């Protein structure tokens with residue numbers, strides 16, 4: 001039996017590929033720089049020690065002095081005591097039905113309720129002063145004035 005020869009295919013035309021990447025130009029010789037003796041020109045290297053330098057002790061602070069309150073135009077509060085027996089006797093003579101003393105930011109506030117000639121009607125007096133004694137004294141003076149003028 002005869003051997004058959006493979007059938008030959010027509011050849012394809014050759015394929016054109018893109019041109020290769022441009023090649024970098026050949027390196028140029030580097031100019032040689034003059035060598036300097038750097039070690040001879042440098043200052044001597046400092047010695048490094050692993051210890052902080054001694055710190056000088058700070059000077060002691062000056063004592064703090066403040067001028068007295070009178071230098072600022074302030075006067076010291078005098079803790080005046082109230083004679084409550086005398087104050088209650090005056091309140092009773094004026095016909096006070098109730099009184100109240102409150103401590104507030106401005107000092108002390110005193111409120112007094114006094115009877116009037118009208119049934120069920122009350123007259124209220126309220127004063128505020130730096131000290132409790134001053135607030136009560138002003139309130140009693142106002143109550144006496146109101147009582148004498150009504």
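Only the coordinates and a few stated rules stand behind these numbers; no lab work does. As the structure is a computational prediction, the values presented were derived from the model and not from experiment. Cβ atoms come from the backbone with ideal geometry, glycine included; neighbour counts cover every protein chain shown.
Sorted by packing (mean other beta-carbon atoms within 10 Å per residue), highest first, where do 105-116, 85-96 land?
Taking the mean over residues of other Cβ atoms within 10 Å, the ranking is 105-116, 85-96.
If eta is 0.692 mPa s and T is 37 °C, what Stokes-Einstein diffusion coefficient results for the range 96-149, Kirkwood Rh from Cα pairs, in µm²/s?
For these conditions, the coefficient is 288 µm²/s.
Can you tell me the FRET efficiency between residue 66 and residue 106 if r is taken as the Cβ-Cβ distance and R0 is 30 Å, rounded to the nearest 0.05?
0.75
Assuming 0.36 nm per residue, please report the length gained on full extension of the stretch residue 28 to residue 50 beyond their Cα-Cα distance.
Length gained between residue 28 and residue 50: 3.0 nm.
What distance in nm separates the simple spin-label points at residue 131 and residue 145, each placed 7 Å from Cα in the Cβ direction?
Calculated label separation equals 2.1 nm.
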